[in-house]
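See structure below.
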Amino acid sequence: MPNSIFGHPAIDCDVHIAVPNTAALMPYLDAYWYDAFRSRGIEKTSFTLTGDPPNTPLAARPDWRPKSGKPGSDLELLRSQALDGFGSSFAIANCLFGGMALHSEDLAAVMCKAVNDWVADTWLDKEPRLRASILVPQQSPELAVEEIERRAHDKRFVQITLLAMGNELLGRRSLWPIYEVAVRHNLPIGVHAGGLYHHPTLNGWGSFFLEDYVANAFAFENQVVSLVCEGAFAKFPDLKVVLIESGVTWLPASMWRLNKTWRGVRPEIPWVKQVPSELVRQHIRLTLQPFDEPEGSGRLERFVEQMQSDQLILFSTDFPHWHFDGKDALPLSPSSPLAPKILYQNALDTYPRLTETTSVPAFAPKEISP
């Protein structure tokens, strides 16, 4: 594994790729859905997740924005700026497509299937350093499990994508079938910022993008508490959950409060036999960018001290989103003992498939005439 610009190997645990338009998914549909898309005009509809609108400044740094098309839609730009630019040995791609948020479970499942096949064909087949996340319709655990089983044989898919704001809290038993199949296939659950637009916040809809953006941190906190208290980690002791674009500095205070309250009411949840923060250290990981610290404060080291673990943080650039300038993706000195843990060791411990030999299944887009 070659060294990155930081003097250590690096694994980028969050880069973004974008479906250029819905029509690009047409070759990956069966005959029934191909006809349905054409007759209903679905292929002409944009399914951009508006929680991260592509024309906002945060959607892409100016030097990471392609000359045309959506941010994250240019493979050569991803190669030059993210992979070669930071010297990353691997990068885990997240393709967040609005079709996964549809109320129609069947249509959402078809969209996720098409996106996963498009990702394999258009990105993974063309860049050996890329790995990807399996997109699933989380509003239908049964259909989500079907899609995971369908794609799990391709070792280039290294995690499963769920969104931070969905129909229900992620610890609920209705979602446990997803976790069962995830553990069986050595696939962490990647909980990404964003939502299905069914329950935007605990108190209703905000009016501005800023409110939605900030509310994601509260959503991640809710999900961590749910996963601990509902017993998901007790049921699945090997489950790993990666919080993607969650920030990190909210976690110590949240865990302090959860620990304190648990000590007084723990008979209510007898399956939680450890201090909640211990379960978090065992099961939860967080991507580095966007990193929420005042400049020069050394808060990353403080976070590690407060959480009593150097295993929680995974290096990421969040390409092509704009959360830092230049090459300042690592908010500590490369000479710090934490640097190799964050840059690659924690990722190798979190994603077993990164150390497995990848198998590339034979696949070709369907040739369907209009």
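Please treat every number below as a calculation from the coordinates, not as lab data. Remember, it's a predicted structure, so these values are computed and weren't measured experimentally. Heads up, the Cβs are rebuilt from the backbone with ideal geometry, glycines too, and the neighbour counts pull from every protein chain shown.
Structural remarks
- In this Cβ point-charge picture (+1 for Lys and Arg, -1 for Asp and Glu), the stretch 246-352 has a dipole of about 560 debye about its Cα centre.
- Cα lying deepest toward the dipole's positive end in the chain, options Ala59, Asn21, Ile11, charges on Cβ: Ile11
- Once the C-beta distance of Lys235 and Leu75 is scaled by a Förster radius of 41 Å, the resulting FRET efficiency is 0.55 to the nearest 0.05.
- In plain terms, the C-alpha convex hull of the stretch 175-329 casts an average shadow of 10.6 nm² when viewed from every direction.
- Distant-in-sequence amide H partners of His192 (H built 1.01 Å from N, under 5 Å): Leu162, Leu163, Ala164, Ile244
- Selection from His283, Gly298, Pro320, by position along the positive dipole direction of the chain (Cβ): His283
- Annotation for Asp310 and Glu293: the two label points, set 7 Å from Cα along the Cα-Cβ direction, are 1.4 nm apart.
- Stretching the chain fully between Trp250 and Ser104 yields a gain of 49.1 nm (0.36 nm per residue, less the alpha carbon separation).
- Taking 0.36 nm per residue of separation and subtracting the current Cα-Cα distance, fully stretching the chain between Ser333 and Phe209 would add 41.3 nm.
- For the pair Lys273 and Glu127 in one chain, pulling the backbone fully straight at 0.36 nm per residue adds 48.1 nm over the alpha carbon distance.
- Net dipole in debye of the chain [+1 Lys, Arg Cβ; -1 Asp, Glu Cβ; about Cα centre; nearest 20]: 500 debye
- Computed over the alpha-carbon atoms, the stretch 99-231 gives an Rg to Rh ratio of 0.98, Rh here being the Kirkwood radius from the mean inverse distance.
- For the stretch 237-303, the average shadow cast by the Cα convex hull is 5.1 nm², which is a quarter of the hull's surface.
- Charge dipole (the stretch 11-352, unit charges on Cβ, about Cα centre) - positive-most of Gly87, Ala232, Pro270: Pro270
- Pairs spanning more than 21 Å between alpha-carbon atoms, out of Lys70/Lys240; Lys235/Lys341; Lys126/Lys341; Lys44/Lys113; Lys67/Lys113; Lys155/Lys341: Lys70/Lys240; Lys235/Lys341; Lys126/Lys341; Lys67/Lys113; Lys155/Lys341.
- Sites listed here are trypsin sites (Lys or Arg not before Pro) in the stretch 197-306 whose DSSP assignment is loop and whose Cβ has at most 15 other Cβ atoms within 10 Å: Lys273.
- 10 Å Cβ shell holding at most 14 others, DSSP loop, GluC sites (Glu not before Pro): longest site-free stretch of the chain: 1-167
- Three semi-axes describe the equivalent ellipsoid of the stretch 11-352; taken as square roots of 5 times the Cα gyration tensor eigenvalues and ordered largest first, they are 30, 25, 19 Å.
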